[in-house]
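Enquirer: Got a structure here, written out as structure tokens. Questions coming.
The values are calculated or read from the model by the stated rules, or taken from the named source; none is laboratory data. On a predicted model such as this, the values are computed, not experimentally measured, just so you know. Neighbour counts run over all protein chains shown; Cβ positions are idealised from the backbone, glycine included.
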Amino acid sequence: MHKLLLHPAAPGVIYQQNHVGVYRSKDYGNAWERIDQGLPYDFGFGLAVHPTDPHACYTIPLEPAEYSFRATDGALNVYRSKKNGWRKLSRGLPQKGAYLSILRQAMDADRLDPCGVYFGTAGGQVYASADEGTSWEVAAGTLPPIFSVTAAVVE
């Protein structure tokens, strides 16, 4: 298992990502539903949950071929789950030559409204979205590999 997240606003809703897919449970993990249909790959490391929508999570599918574990075909895309599938979120993300890896703990979402979503790459970039993933910008670009990202709201 790559990542397991309890939804903060929906008791019993759990998301997980592993070597063979993305799953959701609505009953505290007693039964799991595979929800990765529509993603370019069922493999990936980054996973975050939307703080108020129990149907929404974010992931970055990675190409597992030859153990490269990098963004699909050179385009860096985040996907958001919806009740009826996935939506690709790429505005502001590199779409050519972005053969980047995102590690297991390197994605998170804050609890603001609208929520912010953040992820880091093994290449040392941190990307941020202040509008639930609709658009992205580079928050930092010259860091060492990013192993973990945690969002916090300071009041």
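Enquirer: Of the conditions (1) assigned to a loop (DSSP other than H, G, I, E, B); (2) among the small types (G, A, S); (3) on the phi < 0 side of the Ramachandran plot, A128 fails just one. Which one is it?
Expert: All conditions are met except number (1).
Enquirer: Could you please give the count of residues in region 1-49 that are closer than 23 Å to G116 by Cβ, in contact with an Asp or Glu (Cβ under 7 Å, 6 or more places away or on another chain) and assigned to a loop (DSSP other than H, G, I, E, B)?
Expert: So the answer is 0.
Enquirer: When region 11-45 is examined, which residues are found to be within 15 Å of W86 (Cα to Cα), among the hydroxyl-bearing types (S, T, Y) and without any contact (Cβ under 8 Å) to a residue 40 or more places away in the chain?
Expert: Within region 11-45, Y23, Y41 meet the criteria.
Enquirer: While we're here: List pairs: first residue in region 125-142 and closer than 19 Å to P114 by Cα and at pLDDT 95 or above, second residue among the hydroxyl-bearing types (S, T, Y) and in a loop (DSSP other than H, G, I, E, B) anywhere in the structure, Cβ distance under 7 angstrom, at least six positions apart or on different chains.
Expert: Note: pairs meeting the criteria are S129/S135.
Enquirer: From (1) closer than 25 Å to T121 by Cβ; (2) exposed (fewer than 14 other Cβ atoms within 10 Å of the Cβ); (3) not small (G, A, S), pick out the condition that doesn't hold for Y28.
Expert: The single condition Y28 does not satisfy is (1).
Enquirer: Still on this model: In region 56-69, is there at least one residue being in contact (Cβ under 8 Å) with a residue 40 or more places away in the chain, in contact with a helix residue (DSSP H, G or I) (Cβ under 8 Å, 6 or more places away or on another chain) and either in a strand (DSSP E or B) or not hydrophobic (A, V, I, L, M, F, W, C) (or both)?
Expert: yes
Enquirer: Taking G74 as the residue in question, decide whether it is buried (at least 19 other Cβ atoms within 10 Å of the Cβ) and either at pLDDT below 95 or touching a helix residue (DSSP H, G or I) at 6+ places or on another chain (Cβ under 6 Å) (or both). Step through it out loud before you land on a result.
Expert: Numbers: buried (at least 19 other Cβ atoms within 10 Å of the Cβ): no; either at pLDDT below 95 or touching a helix residue (DSSP H, G or I) at 6+ places or on another chain (Cβ under 6 Å) (or both): yes.
In short, no.
Enquirer: Filter region 126-153 for residues that are more than 15 Å from the chain's Cα centre (by Cα) and farther than 10 Å from D110 by Cβ and give the result. Step through it out loud before you land on a result.
Expert: So the first thing to find is which residues in region 126-153 are more than 15 Å from the chain's Cα centre (by Cα), and the list is 137-145, 152-153.
Within region 126-153, E137, V138, A139, A140, G141, T142, L143, P144, P145 meet the criteria.
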